[in-house]
1. Output the number of the condition that Thr117 fails; it satisfies all remaining conditions of (1) assigned to a loop (DSSP other than H, G, I, E, B); (2) within 16 Å of the ligand (Cβ to nearest atom).
2. Being of a type outside the set (S, T, N, Q), within 16 Å of the ligand (Cβ to nearest atom) and outside any strand (DSSP E or B) narrows it down to one residue among Leu126, Leu157, Leu106, Leu100; which is it?
3. Go through (1) surrounded by 14 or more Cβ atoms within 10 Å (Cβ to Cβ); (2) free of Cβ contacts under 8 Å to residues at least 60 places away in the same chain; (3) closer than 23 Å to Ala173 by Cα; (4) away from the ligand (no atom under 16 Å from the Cβ) one by one and return the number of the condition Phe112 breaks.
4. Tell me, which residue of region 132-151 that is within 22 Å of the chain's Cα centre (by Cα) and within 16 Å of the ligand (Cβ to nearest atom) is nearest to Gly165 (Cα to Cα)?
5. Looking only at region 66-85, decide whether some residue is of a type in the set (Lys, Arg), outside any strand (DSSP E or B) and under 27 Å from Gly274 (Cβ atoms).
6. Within the set of pairs 6 or more residues apart or between chains, which connect a residue that is free of Cβ contacts under 8 Å to residues at least 40 places away in the same chain inside region 319-330 to a residue that is part of a loop (DSSP other than H, G, I, E, B) with Cβ atoms less than 6 Å apart?
7. What pairs come out if I take residues in region 124-135 that are closer than 13 Å to Glu61 by Cβ and pair them with residues that are of a type in the set (D, E, K, R) and more than 12 Å from the ligand (Cβ to nearest atom) whose C-beta lies under 6 Å away, six or more apart or interchain?
8. Conditions first: (1) touching a His at 6+ places or on another chain (Cβ under 8 Å); (2) farther than 18 Å from Gly284 by Cα. Asp163 passes all but one, so which condition is the exception?
Amino acid sequence: MKKFSVLFLRSLFVFILLKSVHIAPAQVLPGEVWRDNRGQQIQAHGGGILHWKGAYYWVGEDRTPSNDPEKRYVACYSTKDLVHWAFRGQILVLADPEHLGSHWVLERPKLFHNARTGKFVLYFHLDDARYKLARVGVAVSDRIDGSYAYVKSFRPLDQESRDIGQFIDDDGAAYLIFESRPTKGFFIARLSDDYMSVDKQISFIPAPLEGGALVHYDGLYYVLGSHMTGWRPNPNVYATAPSLSGPWREFKDIAPPEVNTYQGQSTMLLKIVGSKETSVIFMGDIWNPMALWDSRYLWMPVQIGNGELRLPSPNPWLLNVKIGSTTTLIHDVPSKDDRGHR
Ligand code: DGJ
C-alpha cells in the first residue's frame, strides 16, 4: 500500500510538473536564435507582419545559405501568439525579374491584403547590386501563403525608393513608407484602391531615415526609423504628429544613443489591440552582414504614450495576445530621462 502511495504521489508530481511546463507562457528572447515549428532558424529578415483572420503572418527575406544564389526568396510564417511560428513556405522564389545582373537585391518585403480584390499583395525593395534602380517590386497571390507571382516594378510617386515599410491605419487604409535619398527624407504614400500602385503622397518627412515604421497609438502617429549606416546599427529615432500628413515634431532617440538601438535596426511597429490593453512591439533586425542568414531579431514592447516612445533594453518578455498585455521579465533601472514614459 505504502509503495503504491509513493508511486501515485510521484506520478502526480510528474504530471503537475509536465502540465506546468506545457502551460508555462512562452517568451520572446530578443537577439537569440528564433526557431520555427521545424526547429529551423526563422528566415524573415527586414520583415513585416500582416494580421489576418485572427492569425499573424510574418514575411521577410529568406537568406538560407542553400538557396539558389541567382534567386531571391521571401519566406512566410504564421502564429496566433507571436512566439511559436509555423513555416508556411517560401512564398516568393524570384529569378532576376528586370535584368539587374548579379547580386541583385530584394529586401524588406511587406504584405498587404486587399479586401476589395481579395488578393494578397507583396511589396519589396528591388534593386541592382549598386542600389541604383531604387524601385519597389510587386507580386500577388490569391492565397496568403503563396505562391506569389511577380507583376512589376516602379518608383512610387516617381521617386527613388529603397527601404520600405508598411502601415495599416485603424480605419483599414494601407500605406507604404519609402525612403528617397535625393529628396533627403522619406514619404508616406497611400496605396491605390487595388493596392497595385501608390495613389497619393500623404506626407514627406525631411529626415534621411531608413527602416521606416509607423504606429497610430492613442490619437497620435509615431514614425520611427534608423539613420543610414548600411548594415551597421545606429541610434534609431522617432517623431510624432496628430495626423499622418503632419505636422511632424522633431525627432528624438528611442533609446540612449550610445547603445545604438541595442544593435538593432527598425523594420516595423506592430500594434496588438487586446481586450484590455494595447501594446506596441518594436520589430528590428540585428544584422550579421557576413552571414545575413544568421541575423537575429530584436523584438521588444515599447513604452509609449503622451508623445513619448522608448525602447527598453532587450530582455525576455511575454505577450498575452487576447488581453493585449506584455510582461518584461527583467526590467532595466529607470533613468531620469524615463520620467513621463508609461
Ligand atoms: C540598410 C537597409 O536598411 C538594409 O535594408 C540594407 O539595404 C542595408 N542598408 C544594405 O547596406
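We did not get these values from a lab; they are worked out from the coordinates using the rules stated. Everything numeric here is computed off the predicted structure, so don't read it as measured data. Heads up, the Cβs are rebuilt from the backbone with ideal geometry, glycines too, and the neighbour counts pull from every protein chain shown.
1. Answer for Thr117: the failing condition is (2).
2. Every option except Leu100 fails the conditions.
3. (2)
4. Top of the filtered list is Val136.
5. yes
6. Close Cβ pairs satisfying both conditions: Thr328/Asn315; Ile330/Asn315.
7. Leu126/Arg135
8. Condition (2) is where Asp163 drops out.
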